[in-house]
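Reading through the structure tokens given below for one structure.
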Amino acid sequence: MFNLAFDNFNDILYMQGHGIYVWSVYLIGILMIATSFLIANKRIKAIQKKIKISNAPS
Amino acid sequence: MKLFSAKNITYSINENKLFHNLSFSVNASECLHIKGGNGSGKSTLLRIILGMTSPSKGLVESCNQDLDISYLGHKNAIKNYLTPRENLDLIFNNIELKNAFEWVQKFGLSHVQDELTANLSFGQQKKLALIRVLAKSSELIVLDEPFVGLDHAAADQLNNFLNTKLLQGVGLILTSHINPMIDCKVLELGRNNAEIN
Amino acid sequence: MLRLIKAESFKLSKKLKSWLGPLLIMVLVLIAFPLSIDISQYDLDKFYFSIIVVSLLMTAFVATEGMFEEDFEDGSLEQEFLIEKDFYKVVFSKILVYVAFIGIPIAFIGALFSFANGVAIVSFAKILLLLSLSNLLLFNLFAFGNALSINKGAMLGVLTALPLALPVIILLGRAIRSIQFDEGFTAIIALMTGIGLIISAIMPIIISAVLKTHID
Amino acid sequence: MITAFIHKFSSPKSFVNLTEKIYPFLIIFGVSMLIFGWAWGLFFAPQDAVQGNSYRIIFLHVPSVIFAELIYFFMAVCALMHLVWRVKLAAYLIKSAAPIGAMITFIGLFSGSIWGIPTWGTWWQWDARITSTLILFIMYLGILTLHGSFSNLEKADRLMSILVIIGVINIPIIKKSVDWWSTLHQPASISVSGSSSIDPSMLYPLFISVIGLGFTLIALGILTSRSYIFTREKNKRWVLEHV
């Protein structure tokens, strides 16, 4: 079951002409998911900072 | 006779408290004057009493299920593409209509009753809106800043009218930043606390 | 209820642009589309129905725009709430009046134009019935979109209500084909009438809940 | 009784506390499953006899489309909870799930279109699945826009919930009606995922990537909802103590 379906690295990239479709889809998909993680993390940091500042003893 | 009572009313918008634990009641022949600065929640309190806005906590109970209420808020519910006469036609049934046109005369609107309401002055429009309340027979009258935009004569007329209504056993709730010539309980809204005098 | 229907028809009759505008747009679209295709090349009666569907959608949108907005802005909705304690009757009679005064005339114009474009005279009544029913559905759905965004104008309402109109368009297309091939028309009309009845009974409940949230 | 029970276990505070504990496990498990499934699918699974290598898009496409619909379903359940029992947390969850749903629906549409180019020779087909997915995407955007157009957020929550529920009825109707419509002129010539006839060597990695993407999206949902809950409840004492 775990035999490589390709002979070499170039084959993996090229995928008999379909590589451009496959890889662009995965690239953009992964980028979008990863970016949403980053944005969510950033938002949490920002709101935590804001809450701390507005409630700091003055 | 008690018309309605409000118990422990708290209201908050987007987690900000506007007022906290208000309790009061209004009886027949009784007037409640709600005072407070801008943004203290006067209009909101009126809308809670009317059942339009639900309070965050607390309970408003009217003692009679279908209490007849007349209300005039900031929005005057007048169609400005109709004439005053058509507006009144839209609102009232035939019996009330006679009453309404008496008020049109008393307020001196007779000469403009067939013009487009959009062309009337602010004061005239306000009077027209007030007729909705004045010509209707109801058990409770709720007014939001009724004196704004009225001239002296009209304000006097309104005061007189409200006084006679009170004598007839109607309950009255109003907000106003000038004191009306009516004997009223005062409810003062402030920041997070309220007092009844 | 009668009071509300009377009041709504009176208000609508006084607002010239609200009922004349959609009718004019329907006529204009129906005239303009054939001009924009090269008639000698294409068979017009093949395209004609899709033109009617598109213009129906456009006019239904224009006609329902600001359906509740005016009453919300000037406070009439609040007053109705004090009288009725609920918006069901208000919404129901409003949609009824709009369909009667704008929806059915639009359907009539559509049927008239398709008749002028070589549809057999027996089909005239069928098409009139079909377009009126579609308008009943579309007005209900767009009324919902309008109610959602009475605080922000109609554009947002379109965005949210357009997906709801999609099944109606598909149904309409199917029914028109059945007229062209003269088969199964009764079944589709029965289906549309059923859906129309259900929607016009249920939609006002939903819209009334939306309006209640808005005056809150 | 039920109301009291639901309110006890649906306070934003306990939700944040619970999810913070399980978040690391979810993200590690989800991402590693995703990597495993994709690596298997991309490098080890055999070529498809008909479609060649382009079918490998399936390991991203099918999970995305599944979750595009599942997330909407989740939102509808939340909307019901919000309208019936006035659960605040449910509205927060809808608001945080909607952008994730929109994103994953977009990925589903996008991957499907790209896949269509080598397979069908066109990037778009008006068949039931694609059309209803596009409508789903538009509905996600509509929900977000609607919620953004109110200054009174409690009002926004309620109206958004109503719209979500209407939408959940609409999606299957559109699917059925387009199906019905397109069978009229041509039998459905393209079936996007013939999942019943798929070979096990392709099915296992697909299954693994569905699970992987599911857990990854739950983790993402936890993050977005946490930031949104903090924003909405920033004046509550538990938030201050928590931060």
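I need a count of the residues in segment A:7-18 that are within 7 Å of chain D (Cβ to nearest Cβ) and surrounded by 15 or more Cβ atoms within 10 Å (Cβ to Cβ).
The total comes to 3.
Can you pull out the residues in segment D:189-202 that are more than 16 Å from D:Gln51 (Cα to Cα) and at pLDDT 50 or above?
D:Pro200
Looking only at segment D:102-122, which residues are in contact (Cβ under 8 Å) with a residue 12 or more places away in the chain and either under 12 Å from D:Leu134 (Cβ atoms) or not aromatic (Phe, Trp, Tyr) (or both)?
D:Ala102, D:Ile104, D:Thr105, D:Phe106, D:Ile107, D:Gly108, D:Leu109, D:Ser111, D:Gly112, D:Ile114, D:Pro118, D:Thr119
Yes/no matrix, rows are residues, columns are (1) part of a loop (DSSP other than H, G, I, E, B); (2) in contact with a helix residue (DSSP H, G or I) (Cβ under 9 Å, 6 or more places away or on another chain); (3) more than 7 Å from every other protein chain (Cβ to nearest Cβ):
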position	(1), (2), (3)
A:Phe2	yes, yes, no
A:Ala5	yes, yes, no
A:Val25	no, yes, no
A:Leu31	no, no, yes
A:Ser36	no, yes, no
A:Gln48	no, yes, no
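Somewhere in segment C:94-107, is a residue within 12 Å of the chain's Cα centre (by Cα), within 14 Å of chain D (Cβ to nearest Cβ) and either part of a helix (DSSP H, G or I) or buried (at least 21 other Cβ atoms within 10 Å of the Cβ) (or both)?
No, there is no match, as no residue in segment C:94-107 is within 12 Å of the chain's Cα centre (by Cα), within 14 Å of chain D (Cβ to nearest Cβ) and either part of a helix (DSSP H, G or I) or buried (at least 21 other Cβ atoms within 10 Å of the Cβ) (or both).
Can you pull out the residues in segment B:68-90 that are of a type in the set (S, T, N, Q) and in a strand (DSSP E or B)?
B:Ser70
Scan segment B:15-38 residue by residue and report those that are within 14 Å of chain D (Cβ to nearest Cβ) and assigned to a loop (DSSP other than H, G, I, E, B).
Listed by number, the list holds a single entry, B:Glu15.
Those residues that are over 22 Å from D:Leu213 (Cα atoms) and in contact with a Lys or Arg (Cβ under 7 Å, 6 or more places away or on another chain), I need them from segment A:1-46; list them, please.
Matches in segment A:1-46: A:Ile44 only.
In segment B:39-51, what residues are in a loop (DSSP other than H, G, I, E, B), within 16 Å of B:Leu174 (Cβ to Cβ) and either out of contact with any Lys or Arg (no Cβ under 9 Å at 6 or more places or on another chain) or within 14 Å of chain C (Cβ to nearest Cβ) (or both)?
B:Gly41
Given the criterion part of a loop (DSSP other than H, G, I, E, B), more than 22 Å from B:Pro146 (Cβ to Cβ) and within 14 Å of chain D (Cβ to nearest Cβ), identify the matching residue among B:Ser54, B:Ser12.
Going through B:Ser54, B:Ser12 in turn, the sole match is B:Ser54.
I'd like to verify a number: residues in segment C:51-76 that are part of a helix (DSSP H, G or I) and either closer than 20 Å to C:Leu211 by Cβ or in contact (Cβ under 8 Å) with a residue 40 or more places away in the chain (or both), how many?
Total satisfying the criteria: 17.
Tell me, which residue of segment D:113-159 that is among the polar types (S, T, N, Q) and within 19 Å of the chain's Cα centre (by Cα) is farthest from C:Ala147 (Cα to Cα)?
D:Ser113
Determine if segment C:151-171 includes at least one residue that is within 14 Å of chain D (Cβ to nearest Cβ) and more than 30 Å from C:Glu70 (Cα to Cα).
Yes, there is a match, as at least one residue in segment C:151-171 is within 14 Å of chain D (Cβ to nearest Cβ) and more than 30 Å from C:Glu70 (Cα to Cα).
Of the residues D:Ile6, D:Ile22, D:Ile27, which single one is away from every other protein chain (no Cβ under 14 Å), under 20 Å from D:Leu93 (Cα atoms), of a type outside the set (Phe, Trp, Tyr) and surrounded by 15 or more Cβ atoms within 10 Å (Cβ to Cβ)?
D:Ile6
Restricting attention to segment B:16-31, does a residue exist that is among the hydroxyl-bearing types (Ser, Thr, Tyr), surrounded by 19 or more Cβ atoms within 10 Å (Cβ to Cβ) and in contact with a Ser or Thr (Cβ under 6 Å, 6 or more places away or on another chain)?
no
Assess whether B:Gly58 counts as being surrounded by 17 or more Cβ atoms within 10 Å (Cβ to Cβ), more than 26 Å from C:Leu4 (Cα to Cα) and within 15 Å of the chain's Cα centre (by Cα).
No, not satisfied.
Starting from segment D:158-169, take each residue that is within 9 Å of another protein chain (Cβ to nearest Cβ) and list its partners that are aromatic (Phe, Trp, Tyr) and not in a helix (DSSP H, G or I), counting only C-beta distances under 8 angstrom and pairs at least six apart or across chains.
From segment D:158-169, the pairs are D:Leu159/D:Phe150.
Out of all the residues in segment C:203-214, which are at the interface with chain D (Cβ under 10 Å from one of its Cβ atoms) and not small (Gly, Ala, Ser)?
Once the filter is applied, which keeps residues that are at the interface with chain D (Cβ under 10 Å from one of its Cβ atoms) and not small (Gly, Ala, Ser), segment C:203-214 yields C:Met203, C:Ile206, C:Ile207, C:Val210, C:Lys212, C:Thr213, C:His214.
Out of everything in segment B:91-131 that is part of a loop (DSSP other than H, G, I, E, B) and among the polar types (S, T, N, Q), what residue ends up being nearest to the other protein chains (Cβ to nearest Cβ)?
B:Asn93
I need every pair where a residue in segment D:130-155 that is within 17 Å of C:Phe144 (Cβ to Cβ) and more than 7 Å from every other protein chain (Cβ to nearest Cβ) has its Cβ under 6 Å from the Cβ of a residue that is aliphatic (A, V, I, L, M) and buried (at least 21 other Cβ atoms within 10 Å of the Cβ), sequence separation at least 6 or different chains.
Cβ pairs passing all conditions: D:Ile143/D:Ala98; D:Ile143/D:Met160; D:Ile143/D:Leu163; D:His147/D:Met160.
Checking the condition in contact (Cβ under 8 Å) with a residue 12 or more places away in the chain and in contact with a His (Cβ under 8 Å, 6 or more places away or on another chain), which residue from B:Ser70, B:Ser43, B:Ser12 passes?
Criteria check complete, one pass: B:Ser43.
Give segment C:155-168 a look and list any residue that's surrounded by fewer than 21 Cβ atoms within 10 Å (Cβ to Cβ) and under 18 Å from C:Thr213 (Cβ atoms), or say none.
C:Leu156
When only residues in segment D:143-184 that are polar (S, T, N, Q) and modelled with pLDDT of 80 or more count, which is surrounded by the most Cβ atoms within 10 Å (Cβ to Cβ)?
If we take residues in segment D:143-184 being polar (S, T, N, Q) and modelled with pLDDT of 80 or more, then D:Ser161 is surrounded by the most Cβ atoms within 10 Å (Cβ to Cβ).
The values are calculated or read from the model by the stated rules, or taken from the named source; none is laboratory data. Predicted model only: the values in this text are computed from it and were never measured. We place every Cβ from the backbone using ideal geometry, glycine too, and count neighbours over all the protein chains shown.
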